[in-house]
Amino acid sequence: AENKPEFEIKLATLAPENSSLMQVCNEMNAEVLRETGGKVGFKMFAGFVMGDEEDVLRKLRVGLVHAAVFTATALTDMDPALRSLQIPFLFSNYGEVDYVMEKMEPDFKAALLKEGYEVLGWPELGFLYFMSTSPIAGLEDLKGKKVWAKANMPMSQAMIDRAGVSTVAIGLPDVLVALQTHLLDVVYNSPYYALVTQWNTQVKYFTDLPLSYIGGALLVDRKIMAKMPPSLQETVRKVCAAHLQRLNEKTRKDNDEAIQIILKRGVQKVTPDAAHVKGFNDLSDEAMAGLDAKFLPPAAVSKVRAALAEYRAQHPSKP
Amino acid sequence: MLGKWTALSRWYGTLEKWVLVGLVLFLTGFSLLQIVLRNFFSMGIVWGDTLLRHIVLWVSLLGTARATAENKHIAIDILPRLLPGAGKTVLGLVTDLFSFLVSLLLCYESWVFVINEKGAGNFAFSSVPYWWLEAIFPFGFAVMSLRYAHRLIFCLSSGRNGGQTCKLS
Amino acid sequence: MQALLSLLLGVLALSGVPLFIVIAGAAFLSFYFLDVDLSIVIIEMYRLAANPMLIALLLFAFAGYVLAESGASRRLVRFSAALLGRTPGGLAIVSLLCCAFFTALTGASGVTIVALGGLLYPALLEDGYKDKFSLGLITTAGSLGLLFPPSLPLIIYGVVSDTKISDLFLAGIAPGILMVVLLSLYSMYAALRFGTTGSKASFNFRELASATREAMWEIFLPVVLFGGIFSGFLAVSEAAAVTAFYVLVVEMIIHREVKLNDIPTVIVKTSMMVGGIIIILGASLAFNAFLIDQQVPNKILGLMQAYVSNKYLFLLILNLFLLVVGCLLDVFSALVIVVPLIIPLALSYDVNLIHLGIIFLANLQIGYSTPPIGMSLFIASLRFEKSIVHLYKASLPFLIILLLSLAVITYLPALSLLWVR
Ligand code: NA
Ligand code: NA
C-alpha cells in the first residue's frame, strides 16, 4: 500500500532504529511528504546497515544513498575547518557552541557545497565526557591509566599524546568488554551513547567537564536536489531545518537526562577545579599549536576563538 | 609465447610467496610490538591497527589470487560430477571463461574505486592516503584475471581437460 | 530477463564456478539493474578492512597451520588418553568444550575452525574417530559457544534491542550448556559405536605424568591465551599474535618439529585459505548491500505479520526465517537489520526480549553450518581441503541435534530465563 514518492531520497544514519535521531527523522519524513503532497520522501536506512561513516560517504559519492547524517569528524577531510570546533576543552557550554556555530555556518556550508553536498541541518552528537574506573580530576590523573584511543579523534589524540599518556586503540563494539577486562581505564563518549551502549555499568566515575564538542551534518547530494522544482527544494530545506533544530534540542535534553541516570545508577561525579581545568586548556592550546596548518586551518581557528571571546564578553561566567 | 607466460608466472609466483611471508611476519611482529609498547612503555601507535587491518586485506587479496592459480577456491561442483568426459571439458571452459570475465570486471571496478578514492583525498593515517592501501584491489584482481586467462589459453591449446581438472602450478 | 540471468547464474554456481565469483556476479547484476555505479561492489568489499576480527582470523589460522605441521596433535591425544582413560568420547567432548570456549571469546567469526581445527581434526582421527564424524564435529562446533559470555553478538543484540547485557549473559548459559551436553552425548554414542574407547589400559599415573610433560607446552597455551585476555594484558586480536608467536617458539625451538624452511609454505597455505574466506565475506557484503537497499528482510517480515496469528506458529516461522538469515547475512548485519524489525512483532506475540535474543543467536549459530551456504561449511572445506558436498553430509547429524536443542530453547522459555531476574 506504499506509493513511492516521485523524488525518493535514500537517507542513511548510524543511529539505531529506536533512537531520538530516527524518531525525529521519521517525523521529518512525514512532514516532508505532507508538505510536498507526497512528491518528496525519504527512505531510511538506520543503525549502521550501510556501514560506518566512511562507507556511507563512499556510497553517497556513487549514488547508492542520496543523503546521510554524519558526525563532523567524518567530514573533516572535505572541510578541515570543521576541526576548529572539535578543539579539546574549547567550549564549556552549549550557549557558546550555538553562538560560534552561527558565525561559522556560512563558511562550512559553502565549503561542503563546493564538494557537491548541501547541508540540510546540523544534528549534533554533543559534548563528550571522560568516564573512568578511577577518578579523573586533572591531567596527572590520566598518567599511568589505559586511555581509549578512539579512531578518528586526531585532536584529542594529539592532546593526550602531548600529556605523555598511553592510549589503547579499540573498536567501538569491543569497548564494553575492554572495560570489563581492565584493558581500558578511561573512555569518553556522549552521555546518551554511553548509556545506550551500557558503558555506565563498567565505569565508576564521570568527569563533569566537556572534553570535546562533536557536531554533525545532514548532507544531501546536490544532484538529487537539483532534479526537484525549486519550490519543492525550498519546502524540503525549510522542513528539514526545523526538524533538525528540534532534534538538537532533544539531543541536549537526552544527554542531560543520560547524565542524571548514569549518576543515579551509582557512577560518581568528579568536578575538576579551576586550576585543573586551566591545566587541560593549556595543554590543548599547546597541542593545537603544534598541528599542521593544512590539518587545522589557522584562519578558521582564529575566527572561532574571536567569536568565542565575543560571546564570553557578553556572558561573563558565574563565579 | 605461452612459454614466456609460464616463465613470467613462475617468477611472479616466487615474488608473491616472499611478499606474503614478509606481510604475515610483519603482521605478527608489529602486533607483538604494540603489546610490548603498551604494557611496558605505556605507549601505543594509534594508526597501527588501521595498518594491520589493511595488511590483512593485502594478504587476503594476494592469497585469493594465489588460490586461483592452485584452483583452491570454494565451489559447489555438483554438475561436473554428473557429466561425461567431453561435457566436463566444455563445462570447465565455460566456468573458467565466466570466472575470467567477472574477475576482469572486479579489476576494472577496483580501478574506478581507487581513482575515486584518490580524488576524494582522504587520509588513512598521517600522510598515507587511503588509495595507496586500496590499490591492492585492482592489482589482486588483475593477477587473478591473468591467471584465469592463462588457464583458459593453456587448456585450449593443450587440448587437455578444461577448467577444474586443468591445473597450473 | 532478470529471471533468466538469475537462473543462468544458479546453474554456473552448481557447475563449480568459485562461489565468490558467483556472489560478486550476482551483486554486479543487481546493481546494474538498479542503475548504481558498479564500483559499489568494491566499496562494499572494502568494508572488510574495517573488521578488526580479521587480524585475529589470519593470525590464529597461521598458528593453526604451524600446529598442524608439528606433532602437537599426537601429544594431545596421548595426554587426553592418559587423563580420561576409558571415558567414551573423551577427546570429542574435550574438543567441543575447547571450541565453545574459544567461540565465546572470538564471536564465531570463523576463527575457531581455523585456529583449533588444525590441532583437533588430526587428533580426533588419530584417536580412532571416523573422518566424517570428526569433520562434522569441528564444523558445527565452529560456532558453538556463541551463547556464552562475553560473546560479541550477545553484546550487540543487547545494544540493538536495548536489553540488559548482563541478563543476556546469564540467559545464554543454560541453552548453551544444553547444546554442548546433547552434542557430547551424541559423541559418546558415536565413540562407543566406532569402538573408540580411548586408551584400553587402566589409569596409570606414570603415563599421565609423562604425557603431561610431553604435551606441557601445548597445554600451557590456553593459559597464556585466556590469562592474557582476562588479565587485561591483551585484546583478542593481540592474543592471536601472541598465540602465533608462542606456537612458533614451541614448535620450532623447543620441539624442533617445524623447520625454518617450512614457514614460507605454511604462510602461503594460510594466505590462500584466509584469502578464500575473506573474499567470500567481501562478495557477500556486496550482495547484502543490495538486499538491504531493497529492504528484503522488511518485506518478508511484513508478510509474516499479515498471515501469522498464533504465537507458536510465529516462533516456528521465526526460526525458519532466522536460519535463512543466518545463512545469507553475516552476524553483525543480521543483528542490526533484523532485530529492530522483529522486536515489535515479537512483543505483539508476547515473546520475552531476552528469550528472543537467545532464540535469535541460537539460530544464527546454527545458520553457520546449514547447507547450502553456511560460512562454517566453507571455512572447513577450505581448511581441510574437502569438497563442500562432503561437509554437508558430515555435519548433518550434528545439525539435527542442534535443531533439536533449538526447538527446546524456543518452546521452553524457562531455560533461557532460568537465571534471569
Ligand atoms: Na569463532
Ligand atoms: Na552467516
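The values are calculated or read from the model by the stated rules, or taken from the named source; none is laboratory data. All of these numbers come straight from a predicted model, not from anything done at the bench. Every residue, glycine as well, gets a Cβ built from its backbone with ideal geometry; the counts of neighbours run over all protein chains shown. All accessible areas refer to the heavy atoms of the entire protein, side chains included, with ligands and DNA or RNA removed. Shrake-Rupley method; radii C 1.70, N 1.55, O 1.52, S 1.80 Å.
Key figures
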| quantity | calculated |
| --- | --- |
| Residue within the stretch C:233-245 that is open to solvent by 50 Å² or more (accessible area, probe 1.4 Å), in a helix (DSSP H, G or I) and in contact (Cβ under 8 Å) with a residue 12 or more places away in the chain present | no |
| Residues satisfying the stated conditions in the stretch A:201-215, i.e. within 14 Å of another protein chain (Cβ to nearest Cβ) and assigned to a loop (DSSP other than H, G, I, E, B) | A:Gln202 |
| Test: C:Ser143 is within 14 Å of chain A (Cβ to nearest Cβ), crowded, with 24+ Cβ neighbours inside 10 Å and within 16 Å of ligand 2 (Cβ to nearest atom) | no |
| Per-region count, the stretch C:318-370, residues within 13 Å of chain A (Cβ to nearest Cβ), away from ligand 2 (no atom under 16 Å from the Cβ) and among the charged types (D, E, K, R) | 0 |
| Selected residue (only one of B:Phe100, B:Phe123 is aromatic (Phe, Trp, Tyr), open to solvent by 20 Å² or more (accessible area, probe 1.4 Å) and more than 19 Å from the chain's Cα centre (by Cα)) | B:Phe123 |
| Residue match in the stretch A:136-151 (condition: over 21 Å from A:Tyr205 (Cα atoms) and either modelled with pLDDT of 95 or more or open to solvent by less than 30 Å² (accessible area, probe 1.4 Å) (or both)) | no |
| Check on B:Gly48, within 9 Å of chain C (Cβ to nearest Cβ) and either more than 13 Å from the chain's Cα centre (by Cα) or open to solvent by less than 60 Å² (accessible area, probe 1.4 Å) (or both) | no |
| Selection from the stretch A:270-304 of residues that are more than 19 Å from A:Leu209 (Cβ to Cβ) and among the basic types (Lys, Arg) | A:Lys294, A:Lys303 |
| Residue list for the stretch C:352-376, restricted to those being open to solvent by 10 Å² or more (accessible area, probe 1.4 Å), modelled with pLDDT under 90, within 20 Å of C:Leu178 (Cα to Cα) and away from ligand 1 (no atom under 13 Å from the Cβ) | C:Thr370 |
| Qualifying position, being open to solvent by 30 Å² or more (accessible area, probe 1.4 Å) and of a type in the set (S, T, N, Q), among C:Thr87, C:Thr103 | C:Thr87 |
| Residues that are in contact with a Phe, Trp or Tyr (Cβ under 7 Å, 6 or more places away or on another chain) and at pLDDT 90 or above, drawn from the stretch A:70-80 | A:Asp79, A:Pro80 |
| Filter pass, A:Gly171 being away from chain C (no Cβ under 13 Å) and among the small types (Gly, Ala, Ser) | no |
| Members of the stretch A:45-86 found to be in contact with an Asp or Glu (Cβ under 7 Å, 6 or more places away or on another chain), within 14 Å of chain C (Cβ to nearest Cβ) and assigned to a loop (DSSP other than H, G, I, E, B), listed by number | A:Ala46, A:Gly47, A:Gly63, A:Leu64, A:His66 |
| Residue within the stretch C:105-121 that is away from ligand 1 (no atom under 15 Å from the Cβ), in contact (Cβ under 8 Å) with a residue 24 or more places away in the chain, on the phi < 0 side of the Ramachandran plot and in a helix (DSSP H, G or I) present | yes |
| Matching entry among C:Gly128, C:Gly64, C:Gly118 (being within 14 Å of chain B (Cβ to nearest Cβ) and more than 16 Å from ligand 2 (Cβ to nearest atom)) | C:Gly64 |
| Identity of the residue in the stretch B:76-93, at the interface with chain C (Cβ under 8 Å from one of its Cβ atoms) and in contact (Cβ under 8 Å) with a residue 40 or more places away in the chain, that ends up farthest from B:Gly13 (Cα to Cα) | B:Pro80 |
| Restricting the stretch A:41-69 to residues that are modelled with pLDDT of 95 or more and under 15 Å from the mean Cα position of the chain (by Cα), the residue that is least open to solvent (accessible area, probe 1.4 Å) | A:Ala68 |
| Test set (1) on the phi < 0 side of the Ramachandran plot; (2) open to solvent by 10 Å² or more (accessible area, probe 1.4 Å) - A:Gln198 fails condition number | (1) |
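For (1) more than 7 Å from chain C (Cβ to nearest Cβ); (2) buried (at least 19 other Cβ atoms within 10 Å of the Cβ); (3) among the hydrophobic types (A, V, I, L, M, F, W, C), each residue gets a yes or a no:
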site	(1), (2), (3)
B:Lys17	no, no, no
B:Gly22	yes, no, no
B:Leu52	no, yes, yes
B:Leu61	no, yes, yes
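Quick grid of which residues meet (1) more than 24 Å from the chain's Cα centre (by Cα); (2) open to solvent by less than 50 Å² (accessible area, probe 1.4 Å); (3) within 21 Å of A:Asn93 (Cβ to Cβ); (4) touching a residue at least 24 places away in the same chain (Cβ under 8 Å):
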position: A:Ala226; (1), (2), (3), (4): yes, no, no, no
position: A:Leu232; (1), (2), (3), (4): yes, yes, no, yes
position: A:His243; (1), (2), (3), (4): no, yes, no, yes
position: A:Ile259; (1), (2), (3), (4): no, yes, yes, yes
position: A:Gln268; (1), (2), (3), (4): yes, no, no, yes
position: A:Phe280; (1), (2), (3), (4): no, yes, yes, yes
